[in-house]
Structure formats: structure tokens, C-alpha cells
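Read the structure below first, then the notes.
The values are calculated or read from the model by the stated rules, or taken from the named source; none is laboratory data. Since this is a predicted model, take the numbers as computed values, not measurements. Positions of Cβ are backbone-derived with ideal geometry, glycine not excepted, and every protein chain shown enters the neighbour counts.
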Amino acid sequence: MTEQEPARARAAAASDGGEGHSEDVTVTSNPVENGEAAPLAEPHAVDTSLRSPAERSRTFTGILVNTALANITTSYLWFALTFWVYLETRNVIATGVVGGAYMLLIALSSISFGTFVDRYRKLAVMRFAAVFTLVMFMLSGVMFLLTPVSSLLDLMQPWFWIFTLIILIGAVVENMRNIALSTTVTILIEPDRRANANGLVGMVQGLMFLITSVLSGLSVGLLGMGWTVAVAVVLTALAFAHLLTLRVPEETRVAATDAHGGFDLRGSYAAVLAISGLFALILFSTFNNFIGGVYMALMDPYGLEMFPVELWGIFLAVGSSGFLIGGALIGKFGLGSNPLRTLLIAVVAMGFLGAVFTLREWAWLYIVGIWLYLTLVPVVEAAEQTVIQQVVPLPRQGRVFGFAMAFESAAAPVTSFLIAPVAQFWIIPYARSADGAAQLAPLLGEGTSRGIALVFLVAGIIMVIAALLAFLTPVYRRVSAEYAEAAAEAPETADAEP
């Protein structure tokens, strides 16, 4: 990124009489104390009067489509790498380390990403992430061409880990765009339409999952890893070229921010604490992801026990279309007057579905349950984003989104790592024993996967209880009130802007 430092921004502003728009602006030097974020010198750096809402919406659509292409390409290469490594080595440790490292790096880097989103122009952040990912994917292609495949797949040599790390870093940095995308919703979309826009963001994420789950396997099987890398490079280059054609004139200057350095953990934490109840909302979403880790760990094994691998891939893609439907419904109808209430209702429904979709080992029940469950996932994600966009000032949104991503990205893998061995060594053997099968049959029926069904049932009940209890907490009332107050003030603020 080529934005100017604050001192240089002040000099640039002075040289043109203070009328020009610099890339950075002065921030206050007040320290962050007692969990309170420092006041901002210039919070109004967005001028929505430059274009009509329809024009801004078209720009947002362009950014959304561009991000969709980038996300699909990154996931396509990452999934393909995982498939290729396992098919060539048959080593689950390698794939486990690769997958775990990916989630771990996202968790560790998200706060840095959020800090940069706050410190620089949002479109500049997206372009930086795009060109960085392009360079890393090109390096992986060069390495694939120059290194013998036998050496590349030898886990005892460094070439495999270097090749994997290059793709891994490119894929992780691309996630910076997703944080920036959430802030562009605040900049480009009218407050009463942000929930709808967040629904479209969820639909894009579902499209990514749907497409990559099918294309990555086909690409590795039909084209091989070399051509797969080549395809990823071409698509990443196209996304970057398209991104250069987009403009966001509404962000007239970088909003004054109290973000410091490249990893502002203290500022991120303070930005979250500055809004009453926001930390509790993030913790609840993190808890929800902990429960979601149960499904992440065991959904594929359950499906592969029920279907041949080819059919399971198809049925999983069908179930994943629920992402698209859920996102489209939010895009059409929004989230209601209180997105937090909508979030908790959706979590209750998800817990119920997770508890009942394996009560019997019926294929139709499992597929329909997955489809309905995934239809509700965009509701939860969009509700959290909408609340943050409404109650958190734009100069701090990047760090808040990054802080939330760090917590939530780490949650599901932790649960996945914990529940998989517990299920493998204790629950599943118990359910398959004569005594266990007889005890579980009245509730869960008969079948080879009753142990997994028991885990799903318990996890779903815990999710329902947690969401119902959340309705009774003071935090729910405080955050709901904060959102309602911010929503009421938004039209007045918009009218007051020049």
C-alpha cells in the first residue's frame, strides 16, 4: 500500500491550502486508557452526496462481484492443494497440518488486517491484497515448474512446505478483502439497506463454497495441479484488473483513526469495549462457532458413511445451495428492525435442525437438514455485520471486524480438533456396541452412525439453550437499544452531511 504517513499528509494539506484530500489524516495522540478508545479528530471522511444511492449501489455490486471471483479463486486453489496432497501422499497428517495452519494464520492475522483497513483507503487495501495474492500464486506456479513433483511431495524435504506456505500466505492475505468489503457496506449503502447488502455478501460466500467444493476436485482430477495453479493465476489477474476500474469517491479521505502500527490489538480491544455489549455479541458468535465445529468435524464422516464419495460430493453441493437461498432472502427482505433478535432466532432454529437432522439414518432427512441449516448461516453472519456497521464508527470498524474474525476463526477448528478424537475413540465405539445400540435405538434409531448422531443431538440442544438464555441477558437489551438508537440517528446524520 502506498498511502502517506500522517506527517506527510499534513504537509500535503498545508501545501494546497488545506483543500486537498490526503491519503491519511492526523490522528489524536490521546492514549487508549481504561478500555476506552481515544476520541477521533476527524470522524467524517465520507461524502455520500457525491453520487446517488443507486450509483453507489452499482459500485458496491462491482466490488461484491470482484470479491466473489477472488474468494472463489483462492478457495479453488486451496481446496485443490489439499485434495492433491492427500491423493498423492495418502497422509492425513499433511492435510491436517495444512488445514490447521490455514485457520490459525487467519486467526493470527485478522487483527493486523483490520488495523490496515482502518488506516488506509478501503479500495487501496483491496488492491494491495489482490496484487499480493497474485504474486504469491505466480511464485507457486514457478516453483511447481522448476521443482520435480517427487521432491515437491516429499514431506521430509523443505520444498513441499515452501510450496504450501506460498499458497497459504496468498490465500490468507486475500481475506483482508473480506474485512474491507464489510466496511464498504458502511460507506456505499444506505443504513436501512445494509442488512440486505450483508445478505448478498453471505450469498457470495455460499457461492464460493458451492463452486469450489465441486470444481477443485474436478480440476485436480482432470487437469492436474500444475494447470490448476495456472487457472488460479489467470483468474486472480482478471480480478485485479477489474478492481483497478472501480472507484469509491465517497471516501474522500481516510477517516481519522486511533489505529497504530500493523497489529493494533490494544486498539482493537478498546474499539470493541467502547460499544456496550459488543464484546458479548462477539463471544456469543464465537460460542456458536464452537458448536459449529462439531458439524465441521463430523458432517463429512456421517455423509461418507451414508453415501459413496461421488454422491456425497454432489449432495454436499446441493445442501450448500442453502447459503445462496439464505443470502438472497436477506438481500430481498432484510433482517427486520432488530437484527440481534433475528440472529438469536436463527441460532435457535439452527440448534433445532442440528439436533434432529440425524435422529434417523435417512438420506432425505440429512440432506434437507443440511440445506435448511446452511440457509440460516448467512442470517447469523449478516446480523452480526449489520449490528457492527450500525453501532461502530467507521474509523474503528476494520479492527472490530478483524477482532471478531480472529476470535471466530479460531473457534471452530478448536472444537473440531477436540470432538474428533472423543467421537472416534469413545462415542462411536459405544454407539456401535450391543449395549450402546440398544440404549440409543429408541431415540436415534438404528444404523452405523448413531454415535455421530448422538454428538449432533447434544450439540444442537446446547445451541438452543444458549440462544434462549441470551434473550434474557442485559447484554441483549443493551445492544438492541444501541442499534435502535444508531438506526434512528442515521437518517438525521445523512441529512446533516454536505
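Can you tell me which residues in segment 333-372 are surrounded by fewer than 20 Cβ atoms within 10 Å (Cβ to Cβ) and of a type in the set (Gly, Ala, Ser)?
Residues satisfying the conditions are GLY336, SER337, ALA349, ALA363.
Here are the criteria: (1) aliphatic (A, V, I, L, M); (2) out of contact with any helix residue (DSSP H, G or I) (no Cβ under 8 Å at 6 or more places or on another chain); (3) crowded, with 22+ Cβ neighbours inside 10 Å. Tell me which single one VAL387 does not satisfy.
All conditions pass for VAL387, except number (2).
Can you tell me which of (1) under 29 Å from the mean Cα position of the chain (by Cα); (2) within 30 Å of PHE307 (Cα to Cα); (3) modelled with pLDDT under 85 is the one ALA486 doesn't meet?
Result: ALA486 fails condition (2) only.
Got at least one residue in segment 409-417 being under 30 Å from GLU251 (Cβ atoms), buried (at least 18 other Cβ atoms within 10 Å of the Cβ) and touching a residue at least 24 places away in the same chain (Cβ under 8 Å)?
Within segment 409-417 (the criterion being under 30 Å from GLU251 (Cβ atoms), buried (at least 18 other Cβ atoms within 10 Å of the Cβ) and touching a residue at least 24 places away in the same chain (Cβ under 8 Å)), the answer is yes, since at least one residue qualifies.
May I ask you to list the residues in segment 117-148 that are of a type outside the set (S, T, N, Q) and free of Cβ contacts under 8 Å to residues at least 40 places away in the same chain? Let's see the steps before the verdict.
Just the residues of segment 117-148 that are of a type outside the set (S, T, N, Q), to begin with: 117-132, 134-139, 141-146, 148.
Once the filter is applied, which keeps residues that are of a type outside the set (S, T, N, Q) and free of Cβ contacts under 8 Å to residues at least 40 places away in the same chain, segment 117-148 yields VAL135, MET136, LEU139, VAL142, MET143, LEU146, PRO148.
Hey, does segment 369-383 have a residue that's more than 21 Å from the chain's Cα centre (by Cα), under 25 Å from LEU454 (Cα atoms) and not assigned by TED's automatic domain parsing to the domain that holds ASN196?
Yes, that holds for at least one residue.
Under 8 Å between Cβ atoms, which residue pairs at least 6 apart in sequence (or on different chains) link something in segment 67-90 that is within 23 Å of LEU246 (Cα to Cα) with a partner that is surrounded by fewer than 19 Cβ atoms within 10 Å (Cβ to Cβ) and modelled with pLDDT of 85 or more?
Filtered contacts from segment 67-90: LEU69/LEU238; LEU69/HIS242.
Which number in (1) surrounded by fewer than 19 Cβ atoms within 10 Å (Cβ to Cβ); (2) modelled with pLDDT under 90; (3) more than 17 Å from LEU105 (Cα to Cα) marks the one condition that VAL201 misses?
VAL201 satisfies all of (1) surrounded by fewer than 19 Cβ atoms within 10 Å (Cβ to Cβ); (2) modelled with pLDDT under 90; (3) more than 17 Å from LEU105 (Cα to Cα) except (1).
Please verify whether segment 323-332 includes one or more residues that are surrounded by fewer than 20 Cβ atoms within 10 Å (Cβ to Cβ) and more than 21 Å from the chain's Cα centre (by Cα).
yes
If you scan segment 427-444, which residues turn out to be within 36 Å of the chain's Cα centre (by Cα) and either surrounded by fewer than 15 Cβ atoms within 10 Å (Cβ to Cβ) or among the small types (Gly, Ala, Ser) (or both)?
Scanning segment 427-444 gives PRO429, ALA431, LEU443.
Under 6 Å between Cβ atoms, at least 6 apart or on separate chains: pull out the pairs that start in segment 163-187 with a residue that is within 20 Å of VAL65 (Cβ to Cβ) and end on any residue that is of a type in the set (Asp, Glu).
Qualifying pairs under 6 Å: ILE187/GLU250; ILE187/GLU251.
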